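Notes for the one structure printed next.
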Amino acid sequence: MSAGKKTMKNHGNNAKASRSGYFGPFGGRYAPETLMPALNELECAYREIRKSREFKEDYDRLLRTYNGRPTPLYFAKQLTKHLGGAQIYLKREDLNHTGAHKITNSLGQVLLAKYMGKKRVIAETGAGQHGVATATAAALFGMECRVYMGAVDMARQRPNVFRMRLLGAEVVSVESGSRTLKDAVNETLRDWTQSVGTTHYVIGSALGPHPFPTIVRDFQSVIGKEARRQIRKETTGLPSEVVACVGGGSNAIGIFTPFIKDSSVKLVGVEAGGRGLDTDEHAVRLTPSDRSRKGILQGYYSYILQDAYGQIANTHSVSAGLDYSGVGPEHAWLNQTERAVYTHATDTEAVKAFRKLSEIEGIIPALESSHALAYVLDNAPRLSESDVLLVCLSGRGDKDIFHVAEYLGMEL
């Protein structure tokens, strides 16, 4: 790799932020003044570096030889037969190195940080996959890494905590607030304000202040680019629907992006319904409710779950990666313009889908991905055999087996 041949510096206080970074009214850059120079530096550096042939070659080489891309497209023949109706294809992001789509973004951002001359990276994580991916990329490039993770999430994602530490990362338990992903993001932002000179914040989802939603979308759009080519080769056409789970929304925006202009393709995002919308224990932002309102969270304007006093509401999901109060601004825009449809699956429905794919196809999906699969279980039988559902299987479920066993009351 030639990442060390070139560094990008001097984009600090003199850099000017562009007026981009909005998706309709959503997005923007709502950050403290102490972070504005770092965000301006990142925007300018990304705009310049991503166009360089050297960066593109380094990144493409990493995707092929280290990440394991392209990931395969798999026709779920047994599940299709079992359900009847639509043909079901899985974009196998679970087969990426480290077990999820997160590594594709982490490699890109840590490589970008290397080009910028940064020595240290920090990250937040919920389900642990983004933390593992960032720790992996940091180890590859010989960079210091610190990962913030809510104490609740650490308890239910113990395998990933160990993996991060094994990779040399410092994992910091966040004890404030609900002790989940939202609080981990807060602590990571606090760290960054104190260390911007040497540190890059590797945001794991398509949210945060501009330019992060754009950077994450660009790196993750490789999912959709591959899937579009693959599905056209397999079926000689485009899918009827593209389905993905939505927490912050990185895997979904990654697979949606190359299909947005294809009006014949329905885009479906599946949020975490938790214990049901008749309770306060869910993470559904894009379905109208008393708790979901437009607002600002952690640097961006989007739909946010709020309590009666306008404070950020606590959330719940059996899946740590979907247990978050906000949603990426581009998803908010796709929802408002009705280009994408957003629905939800409850904990019970997600666990049922988790078990169903494991038993029928021999593939153990992540609990996050299981929310998208729950939509498929419910809707595929209602469609015709000529319909094609393309599902982003965003990660594998090794990390979730202890939590699911506890949920089901099963002994290991």
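The values are calculated or read from the model by the stated rules, or taken from the named source; none is laboratory data. Please read these numbers as outputs of a predicted model, since none were measured by experiment. Every residue, glycine as well, gets a Cβ built from its backbone with ideal geometry; the counts of neighbours run over all protein chains shown.
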Q) Mind checking whether some residue in segment 114-129 is in contact with a strand residue (DSSP E or B) (Cβ under 7 Å, 6 or more places away or on another chain), closer than 18 Å to Leu207 by Cα, in a helix (DSSP H, G or I) and modelled with pLDDT under 95? A) yes
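Per-residue answers, yes or no, for (1) surrounded by fewer than 24 Cβ atoms within 10 Å (Cβ to Cβ); (2) part of a loop (DSSP other than H, G, I, E, B):
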residue: Glu226; (1), (2): yes, no
residue: Lys233; (1), (2): yes, no
residue: Val242; (1), (2): no, no
residue: Gly254; (1), (2): no, no
residue: Asp262; (1), (2): yes, yes
residue: Leu277; (1), (2): yes, yes
residue: Asp280; (1), (2): yes, yes
residue: Leu286; (1), (2): yes, yes
residue: Glu330; (1), (2): no, no
Q | Residues within segment 389-412 that are within 18 Å of Val161 (Cβ to Cβ) and of a type in the set (Val, Ile, Thr), tallied | A | 2
Q. For the subset of segment 351-384 comprising residues that are over 21 Å from Asn96 (Cα atoms) and hydroxyl-bearing (Ser, Thr, Tyr), which member is surrounded by the most Cβ atoms within 10 Å (Cβ to Cβ)?
A. Tyr375
Q: Might you check whether a residue that is over 18 Å from the mean Cα position of the chain (by Cα) and in the same structural domain as Val327 (by TED's automatic domain parsing) occurs anywhere in segment 92-100?
A: no
**Q.** Among the residues listed as Gly269, Gly208, Gly197, the single one being on the phi < 0 side of the Ramachandran plot and crowded, with 24+ Cβ neighbours inside 10 Å
**A.** Gly269
Q: Starting from segment 76-97, take each residue that is surrounded by fewer than 23 Cβ atoms within 10 Å (Cβ to Cβ) and list its partners that are assigned to a loop (DSSP other than H, G, I, E, B), counting only C-beta distances under 6 angstrom and pairs at least six apart or across chains.
A: Gly85/Leu383; Ala86/Leu383; Ala86/Asp387; Arg92/Thr71; Arg92/Pro72; Leu95/Thr71; His97/Gly68
Q: Kindly establish whether Thr214 is of a type in the set (S, T, N, Q), over 15 Å from the mean Cα position of the chain (by Cα) and modelled with pLDDT of 95 or more.
A: no
Q. Would you pick out the residues in segment 152-184 that are of a type in the set (Val, Ile, Thr), out of contact with any Gly (no Cβ under 8 Å at 6 or more places or on another chain) and in a helix (DSSP H, G or I)?
A. Val152
